[in-house]
Amino acid sequence: MKKTRVVSLSGIALLLTASHLFMLSAIANESVVAGGLSKKEQLGQSLFFDPGLSLNRSQSCATCHAPDKGFSDHRGEGVAAAVSLGDDGKSLGDRNAPAIGYAAFIPPFHRTPEGVFVGGQFWDGRASTLTDQAEGPPLNPIEMALPDKQTLVSRLEQNPGYQQLFAEVYGNDIFNNADVAYTAAADAIASFEQTALFAPFDSKYDRYLRGEYSLTPEEDLGMTLFFSQQFTNCNLCHQLQALPGSEQETFSNYEFHNIGVPENTALRALNSVTQLDEGLFAHPEVTDSLQRGKFKTPTLRNVAVTAPYMHNGVFNDLRTVILFYNKYNSRKASMQMNPETGEPWKEPEIAENLSLEELETGPALDDQRVDALVAFLKTLTDQRYEHLLASPQGLEPRSDP
């Protein structure tokens with residue numbers, strides 16, 4: 001597993017406050033002094049924050065993956081907050097933008113000898129690597145909306161700072177071929193996303209493992225429940241390392257499951273999407289219909305500050321998510337109600353291929369244990385985001401840019 005490198009927060013702060021983020025030179029110089037980034041990481045840092053990579057120069061990677069919000073998108077309000085707004089100021093996607101902290105630990109998309117699909121970027125794993133993922137949004141018509149690769153490359157060529165760094169990292173002829181230059185830009189962004197800014201491993205849980213923090217009784221109960229094979233089996237899908245307490249645990253095995261998430265009908269009324277989301281089955285390399293409705297298991301790092309939840313943003317509160325899982329193990333009428341709507345849980349968007357073996361894992365949890373699990377999940381919040389936990393749902397008020 002590639003270990004992440006330390007990156008300076010002061011360099012990021014400059015990037016976030018600069019009025020012209022796409023002007024590379026001053027930013028790059030600051031990064032060299034304060035952060036010790038490699039040339040490629042330095043280039044990727046500037047590209048990540050550059051709104052000039054979108055059609056109307058209004059949207060960068062950081063717009064939907066804000067570093068001060070757990071690398072998630074908190075621009076929208078109400079139902080529209082479930083997904084990201086496009087560069088055109090009106091387009092809405094159909095999936096929640098994944099928080100990309102710790103994304104460098106996701107393995108390339110592959111199928112195990114046992115036939116299990118694992119890894120890849122996006123909810124359906126269709127981009128095998130970080131570089132593949134970074135190539136997608138600039139050309140997506142409802143995201144950054146550039147018409148073609150040459151448009152992005154031409155914009156890069158207009159910036160002397162980019163010309164210099166691209167030549168230093170990729171050679172003097174890099175801009176001679178638009179396809180090659182476009183992939184190089186994505187490669188640089190991926191390199192930046194592998195720095196420790198995205199994966200500091202400094203949450204309360206990490207500090208607890210190092211003897212620097214004492215869990216509260218509620219957090220300790222939640223941790224016990226989380227790793228229990230008797231009461232919850234959360235770790236069946238949300239544990240990467242072989243044993244609890246291992247270093248660099250990302251709390252996902254990156255496999256795919258259909259857990260019965262309902263359709264976000266309120267969102268569909270806004271974005272006018274009519275077809276069902278088939279998840280992994282929509283992956284161009286997947287032809288097995290048994291994969292319909294399956295989505296990649298996300299990391300739980302920073303989960304308490306990166307609402308809304310599920311691939312379609314259908315749930316707003318972390319406690320709701322725990323109760324949603326709990327409904328599979330409870331016969332109580334109260335446990336069959338969505339607390340956010342006051343109505344029974346809706347039927348799954350894709351009803352077949354449910355991972356019932358993983359979902360029906362033990363006795364139902366009472367309120368105390370549900371709250372304990374939420375408390376433990378909050379300990380997975382990176383230290384720089386802990387202040388966000390004081391706000392409702394772990395978030396500061398949403399606002400449009």
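The values are calculated or read from the model by the stated rules, or taken from the named source; none is laboratory data. Keep in mind it's a predicted model, so treat the numbers as computed, not measured. When we count neighbours, we look across all protein chains shown, and the Cβ atoms used for this are built from the backbone with ideal geometry, even at glycine.
Pairing each residue of region 148-166 that is in the same structural domain as residue 183 (by TED's automatic domain parsing) with any residue that is at pLDDT 95 or above and surrounded by fewer than 18 Cβ atoms within 10 Å (Cβ to Cβ), provided the two are 6+ apart or on different chains, yields C-beta distances under 6 Å for 149/178; 150/178; 153/178. The set of residues from region 370-394 being among the charged types (D, E, K, R), crowded, with 20+ Cβ neighbours inside 10 Å and outside any loop (DSSP other than H, G, I, E, B) comprises just one member, 378. The set of residues in region 113-141 that are free of Cβ contacts under 8 Å to residues at least 24 places away in the same chain and of a type in the set (A, V, I, L, M) comprises 127, 139. Of the residues making up region 193-233, those that are in contact with a Lys or Arg (Cβ under 6 Å, 6 or more places away or on another chain) and in a loop (DSSP other than H, G, I, E, B) are 196, 213.
Only one entry in 262, 298, 217, 244 is within 24 Å of residue 110 (Cβ to Cβ) and either outside the structural domain of residue 126 (by TED's automatic domain parsing) or hydroxyl-bearing (Ser, Thr, Tyr) (or both), namely 298.
Residues in region 325-349 that are touching a residue at least 60 places away in the same chain (Cβ under 8 Å) and among the charged types (D, E, K, R) were compared, and the one that is surrounded by the fewest Cβ atoms within 10 Å (Cβ to Cβ) is 347. Set side by side, the residues 115, 89, 125, 76 differ, and just one is in contact with a Gly (Cβ under 7 Å, 6 or more places away or on another chain) and either hydroxyl-bearing (Ser, Thr, Tyr) or part of a loop (DSSP other than H, G, I, E, B) (or both), which is 125.
Return a yes/no flag: does region 352-361 have any residue that is assigned to a helix (DSSP H, G or I), touching a residue at least 60 places away in the same chain (Cβ under 8 Å) and not assigned by TED's automatic domain parsing to the domain that holds residue 66. Yes, region 352-361 contains at least one residue that is assigned to a helix (DSSP H, G or I), touching a residue at least 60 places away in the same chain (Cβ under 8 Å) and not assigned by TED's automatic domain parsing to the domain that holds residue 66. Residues in region 131-170 that are crowded, with 22+ Cβ neighbours inside 10 Å, touching an Asp or Glu at 6+ places or on another chain (Cβ under 6 Å) and not in a loop (DSSP other than H, G, I, E, B): 137 only.
When restricted to residues that are over 30 Å from residue 376 (Cβ atoms) and touching a residue at least 12 places away in the same chain (Cβ under 8 Å), region 278-304 contains 10.
Within region 104-119, the set of residues being at positive phi and either in contact with a helix residue (DSSP H, G or I) (Cβ under 8 Å, 6 or more places away or on another chain) or of a type in the set (Val, Ile, Thr) (or both) is empty.
So which residues in region 79-95 are among the aliphatic types (A, V, I, L, M) and closer than 14 Å to residue 141 by Cβ? Across region 79-95, the qualifying residues are 85, 92.
The number of residues in region 234-272 that are part of a loop (DSSP other than H, G, I, E, B) and buried (at least 17 other Cβ atoms within 10 Å of the Cβ) comes to 15.
Selection of region 284-294 for residues being in contact with an Asp or Glu (Cβ under 9 Å, 6 or more places away or on another chain), surrounded by fewer than 23 Cβ atoms within 10 Å (Cβ to Cβ) and not in a helix (DSSP H, G or I) yields 286, 292.
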